[in-house]
Every structure is written in C-alpha cells, then in structure tokens.
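The values are calculated or read from the model by the stated rules, or taken from the named source; none is laboratory data. Source: prediction; values computed, not measured. Methodologically, a virtual Cβ is constructed for each residue, glycine included, from the backbone with ideal geometry; neighbour enumeration extends over all protein chains shown.
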Amino acid sequence: MARARLTAPPESALYAPVKALLEAQGYEVKGEILACDVVGVRGDETPVVVELKRTFSLALVYQGLDRLALTDGVYLAVGELPRERAAARRLCRRLGLGLILVADGAAFVIDDPAPYRPRRDTRRRARLLREHQRRVGDPMTGGSTRLPVMTAYRQEALRCARLLTHGPMTPRALRAAADVPNSASILRRDVYGWFERVDRGIYALTPRGREALAALDAVVGAGSVPDRPP
C-alpha cells in the first residue's frame, strides 16, 4: 500500500498554536493587524510579528524582511520545513529572522531573531586566497558550467603537458622550464591521466594528455596555455 504523503496545515491552522505559544510568554496576541498575520505585545517591549505560511518559501522571507521595518522581533512560522532545513535556518539567522515550526497542533521556536555573526572559516579563506594568487590570469568566466574549472593546479598540469609535447622530460627540467615548483608531484599523482613514466625519472605525455590540449585549444584558441606564465 502506498504511504500517504503528509501535507502542511493551512495557514489559518497555524494561528492558534502560534497564539498559544506567545500568550504563554505573556504576550497579548491579535491577528491580521495592518497586514501582519500575528502581532504580540507585552508591556513596553518591542512587539513581536509572526508571518504564517504552510511551507517555507522566498515569498515568506520577503514578507519577513518587510516586517523588519516595524520591529526586530520578526518570526516566520511554517507548518513544514524544507528538505534543506539547515540552509533555511542559516538564511533566517543571516537576515535576523526567527523561525517557528507548527506541528501536531503545537508551535515550537526553532530559532529566535538575533543579529547575524557568521563564524569565519580561516582555512577556507586561506585556500581561496592561495588559489587566487596561484592562478595565472583570469581564464574562467564567472558562471561558466560547460568547461572544467581552470584551477591553478590544472593550469600547472597543462603547462607541463604543453612542454611534454616536445618530448619526454624530467620533473626538474619541467620545474625550471614551466615555472611549476610542484611538477614532480603533478607527474607522479597524474590526476588527469595525462602523464606516464617512460624511464626512471623521465615522463612523457599520454594520448589522453594530447587530447586534453587539443580540446582546450579548440575552445579557447591555439596556444592557450603558454609554456610558462608571463
């Protein structure tokens, strides 16, 4: 028997659980105040505004952003979180929006609205700057999807491949001629299948390597990868 698919409750069904949640915290709650689905007031504190939707959507986020002009206490309440729950939570946190889930007739606060302070990933930033520094020129158009990403590593491998079209060479010779300090590692790892060892300490270009150079030249232009960077 096919399993029944659970559907999110209608927006009107979210109101009572959200109202009960806020009233339990001492708010006086009313619905549909100047286009706001839910408004809670507690003394002289900043009011709380909650926008209701069956499911999480960009339209709901837009509503929440508009309500931030009224108060910092804005929540998005949904009856169903998206599959990318972590991404939705990150988005709300970044925008300073709270998130409420309504399930089984009750409302649960997933996140309270708060100023967003992202945690910096110093290792990723170092990789970003290192790749930017090592990459020669600007070989990729932002947003391109049809060509492999021309990373600095790929550029260096291609420079080695270009020199090997003239005949087998040692890693030391390639390091000097192509200005690739890690040429020995590139040849030994052979990530792309372009190189083969033909003798002790001597490498040559494989047919696959020649095809890669020909394909790149056909798209970008002959001699698109110089023997060494300018």
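Listed values, structure above:
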quantity	calculated
Tally, over the range 35-67, of residues that are buried (at least 16 other Cβ atoms within 10 Å of the Cβ) and within 15 Å of Leu99 (Cβ to Cβ)	15
All positions within the range 87-106 that are touching a residue at least 60 places away in the same chain (Cβ under 8 Å) and buried (at least 16 other Cβ atoms within 10 Å of the Cβ)	Ile100, Val102
Candidates Arg200, Arg175, Arg189 - the one that is out of contact with any helix residue (DSSP H, G or I) (no Cβ under 9 Å at 6 or more places or on another chain) and under 22 Å from Thr151 (Cα atoms)	Arg189
Residue in the range 212-224 that is surrounded by fewer than 15 Cβ atoms within 10 Å (Cβ to Cβ) and modelled with pLDDT of 90 or more present	no
Qualifying positions in the range 18-27 - out of contact with any Gly (no Cβ under 7 Å at 6 or more places or on another chain) and farther than 20 Å from Lys53 by Cβ	Glu23, Ala24, Gln25, Gly26
Members of the range 115-135 that are touching a helix residue (DSSP H, G or I) at 6+ places or on another chain (Cβ under 7 Å), modelled with pLDDT of 70 or more and either among the basic types (Lys, Arg) or assigned to a loop (DSSP other than H, G, I, E, B) (or both)	Arg134, Arg135
Options Glu32, Glu84; residue that is more than 16 Å from Glu11 (Cβ to Cβ), charged (D, E, K, R) and surrounded by fewer than 16 Cβ atoms within 10 Å (Cβ to Cβ)	Glu84
Single condition Gln63 does not satisfy, out of (1) in contact (Cβ under 8 Å) with a residue 24 or more places away in the chain; (2) not in a strand (DSSP E or B)	(1)
Given (1) among the hydroxyl-bearing types (Ser, Thr, Tyr); (2) loosely packed, with under 11 Cβ neighbours inside 10 Å; (3) modelled with pLDDT of 80 or more, number of the condition Thr141 does not satisfy	(3)
Restricting the range 168-205 to residues that are basic (Lys, Arg) and outside any strand (DSSP E or B), the residue that is farthest from Glu156 (Cα to Cα)	Arg200
